[in-house]
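Inspection log for the structure reproduced underneath, given as structure tokens.
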Amino acid sequence: MLPEAVAHNHGGHHPMLAHHFDSLEEQNVASTLGMWVFLVTEVLFFGGLFMAYTLYRMWYPDAFALSSNELDIRWGAFNTAVLIGSSLTMALAVHAAQTGERSKLVTFLILTMVLGTVFLGVKGIEYADKFEHHHVPGLNFHFEPVSEMAHAQIFFSLYFVMTGLHAIHMIVGLGIMTWMLVWSMNGTITKEYASPIEISGLYWHFVDIVWIFLFPLLYLLGRTLPAVTH
Amino acid sequence: MSEHIVPKSTYYAIFGALMVGTALTVGAAFVDLGPLNTIVALSIAITKASLVVLFFMHVKYSPKLTWLVVIGSVFWLLLLLGITLGDYLTRGMRTFG
Amino acid sequence: MSSNTVLMPERHYLNDGHSLKSWLLTKDHKRIALLYLFAVTFFFLIGGAFAAMIRLELATPAGDLVSDETYNKMFTMHGVMMVFFFLIPVVPAILGNFLLPIMIGAKDLAFPKLNLASWYIYMLGSFFTLYAIVTSGLDTGWTFYTPFSSTASTTAVIPAGIGVFINGFSSILTGLNFIVTVHRMRAPGMTWFRMPLFVWAHYATAIVMVLGTPVIAITLVMLVAERAFHFGIFDPAVGGDPVLFQHLFWFYSHPAVYIMILPAMGVISELIAAGCRKQVFGYSFVAFSSLAIAVIGFLVWGHHMFVAGMSVYAALVFSFLSFIVAIPSAVKVFNWTATMYKGSVSWDTPMLYAIGFIGLFSIGGLTGLFLASMGLDIHLTDTYFIVAHFHYVMVGGTILAYLGGIHYWFPKMTGRMYSEFLGRLSAGIVFIGFNLTFFPQFILGYLGMPRRYHTYPADMQMLNVLSSAGASILAVGFTLPLFYLAYAWKYGPVAGSNPWGAVGLEWNTTSPPPTTNFEETPVVTWDAYEYPTPVEGHVA
């Protein structure tokens, strides 16, 4: 009943073909759809945070503008560029997988991971900076002007939950990339079986998209206000 | 299902567009456009996200079901935001005059 | 596959490996369904124990059995156990997991390892929540409303929140698996409109699981962060809004009740068709009504918040949509009833539960309309009317459907038949016990008895005593099947592949089925309910 599949030494069908599927193509299509459905859940997951953000920004525009100014726009913009760059390298990795160019695939996967790590490193620097300035809610939070301190606490609460959750997703993404790197280096990924790279790419691009929205919403408010500290 | 291989030149072009968009949104943040600031920032973000979805994530070359899934998820998020805001935005309104 | 009505098949999914490892590392959706069966039943019993405590306390007007704080923990933990660990998974993770692939002619779900993972995640989540229960307990109500849950409560909100959060992933992965399976794994010839309505119902449920569950997940993240790190998202002291919590919470928790009822309705469609030996009347209407309930169900959550301080205009819209969402449910009830008309109606246990469902779900659904009406809801909200309403739909609805389904598919899952006498007896006891427990609560709510209070005015005692008495009868009705089904599993008469003479791919394979479900992938050229005389070769 199995259609012609790529003949490897597995009795006529691909070693990575699971036995409840009839063909590798069916498996790839199902896996891709599965990843897309998972990304739907991620949209709604982050979406709840965007809802909270939208409400409080509507209610407390001044506090949000002042708080946003406390974030370093240079690090934010740099990280945005880094993440977009990592999406490029990821897309190029997928391309290399689809054309069977193993060494390029490995190179681009590593580049993607490097850029992802740089992103996380910068976030670490930013978080340390927040800690120094007493802008971590629950840990001696203090904000000037004091009249906006309560509402600023909401901004920073959302900042940490949103960027923290995003960072956790990045870390998971690095884990997935490590796994893909292993499979790329040991020959599991081939021109016929490139879909794990494509599917991992979908997850990675999604994490990039979340940041594409987080950046303007968190970093770019209140930039027209008169001179601030940085 | 055909496996469409997107040419690398497309990827580079999209990357360029995304970087331009990032520069634009940062620049626009320093110009006081009043309420338009938000609209500009969101429009640029939506455009960038769409480019990533269509080209990096291959949705432009994907079957209709994928389109349905993507659009459905965004639509559902807008339902959450829209209906909840519908409560908050109409709270001050008096009933029946 | 020819059926031998006397002997069990030699190899089937139950004897395909006996080691603990073959069960705990199984990828077979049927074994995973049984793993869920044992876990979910266990949590049902825990939730039931809390219910028993509640009804014991409420047998007298004074708060003399437990303190008010303990009582708060009783109803909270009853709710948490029943909602998250029983009602949400009971039909999809047990019957859905077992039957969905077989009904569409597939060898397994799309992602068997993910399916196993979802069971482990369920176990992990429930372990966390159990930990919360045995330490300081939980007293916030299953609804976790802020700011009490985020600041004032002194109980184990964080472990419970984490437990429910983890458990949500189990639901999400099940839904994801179902969606991809239905789209991609149907056997040749199994078009969408040849699928059993059970599959349509689970597909619609899966959409709700995937779209809704992440929102409660993030809400719990925010709640836990607020409580653990004193963030300020729902805290009025820093300008946060507790009503925002309610919006986010109910955005999931209302569709969640459709996660609980849609699969049950799918079961009922199967039971009615087989029990009346008749095509389900208006197949496409029933199929689309599942999707309609799933979609419209996302638009009504504000009806839980009519007295929370919401905008009156928003409340109007939610009220209107809550009336609308009743329509597709009514379509189903009409169509099931029409199916029964001039059908060859059996009075076997599954059919008794199905008929009971139609009656009790209708009462529950109709009382929902009372509550959708804002003017009435203001008086009835947070009273026992609400408690009665949701128990009619969740117990009278979901649990009855589940019990009917378990009896109907018991021979398929185990290869043996249960005692029909005990089945009917239990169904009768459940029906009587249920109504005695919950009908008085409609009256109590109308009289103004608030929910979540451990005392009440003395003149309400009679109705409360009736309710508590009913609860003890209901408990007997629920417990009996545990015993006679367990007995039948080991000692019941061999059932054969199609003891009911029903139409459906699951009846075309052996009882119990082989691990790969079918000896050969079926090629389907017939509609789902080919009653009363199926074509030769379409049915075993």
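The values are calculated or read from the model by the stated rules, or taken from the named source; none is laboratory data. On a predicted model such as this, the values are computed, not experimentally measured, just so you know. Cβ placement follows ideal geometry from the backbone for every residue including glycine, while neighbour counts extend to all protein chains displayed. Surface accessibility is based on the protein's heavy atoms, side chains included, excluding ligands, DNA and RNA. Shrake-Rupley method; radii C 1.70, N 1.55, O 1.52, S 1.80 Å.
General observations
- Selection within the range C:320-345 - surrounded by fewer than 21 Cβ atoms within 10 Å (Cβ to Cβ) and within 14 Å of chain B (Cβ to nearest Cβ): C:F320, C:L321
- Out of A:T99, A:T80, A:T41, one residue alone is within 10 Å of another protein chain (Cβ to nearest Cβ), surrounded by fewer than 17 Cβ atoms within 10 Å (Cβ to Cβ) and hydroxyl-bearing (S, T, Y). It is A:T99.
- Flag if C:V430 is open to solvent by less than 50 Å² (accessible area, probe 1.4 Å) and part of a helix (DSSP H, G or I): yes
- Of all the listed residues (C:G396, C:G368, C:G356), the sole one being farther than 18 Å from C:S426 by Cα, small (G, A, S), surrounded by 18 or more Cβ atoms within 10 Å (Cβ to Cβ) and in contact (Cβ under 8 Å) with a residue 12 or more places away in the chain is C:G368.
- For the range A:179-230, residues that are aliphatic (A, V, I, L, M), part of a helix (DSSP H, G or I) and more than 10 Å from chain B (Cβ to nearest Cβ) total 8.
- Sole residue being buried (at least 21 other Cβ atoms within 10 Å of the Cβ), modelled with pLDDT of 95 or more and more than 14 Å from chain C (Cβ to nearest Cβ), chosen from A:M51, A:M90: A:M90
- Test for C:I261: is it more than 11 Å from chain A (Cβ to nearest Cβ) and crowded, with 24+ Cβ neighbours inside 10 Å: yes
- Search result, residues across the range C:214-239 that are within 30 Å of C:A401 (Cβ to Cβ) and facing chain A (nearest Cβ under 7 Å): C:P214, C:V215, C:A217, C:T219
- Among the conditions (1) buried (at least 24 other Cβ atoms within 10 Å of the Cβ); (2) more than 22 Å from C:Y258 (Cβ to Cβ), C:I94 misses just one, which is (2).
- Cross-chain or 6+ apart pairs with Cβ under 6 Å, the range C:114-141 first and assigned to a loop (DSSP other than H, G, I, E, B), then open to solvent by 20 Å² or more (accessible area, probe 1.4 Å): C:G137/C:K73; C:D139/C:N72; C:D139/C:K73; C:T140/C:F148
- Of all residues in the range B:41-66, those satisfying the criterion of being within 20 Å of A:A77 (Cα to Cα) and more than 9 Å from chain A (Cβ to nearest Cβ) are B:S43, B:T47, B:S50, B:L51.
- Residue within the range A:131-140 that is part of a loop (DSSP other than H, G, I, E, B), within 14 Å of chain C (Cβ to nearest Cβ), crowded, with 16+ Cβ neighbours inside 10 Å and at positive phi present: yes
- Residue, farthest from C:S426 (Cα to Cα), within the range C:483-523, restricted to residues that are of a type in the set (S, T, N, Q) and either within 14 Å of chain A (Cβ to nearest Cβ) or surrounded by fewer than 20 Cβ atoms within 10 Å (Cβ to Cβ) (or both): C:T521
- Selection status of C:A274, under 20 Å from the mean Cα position of the chain (by Cα), part of a helix (DSSP H, G or I), of a type in the set (A, V, I, L, M, F, W, C) and modelled with pLDDT of 95 or more: no
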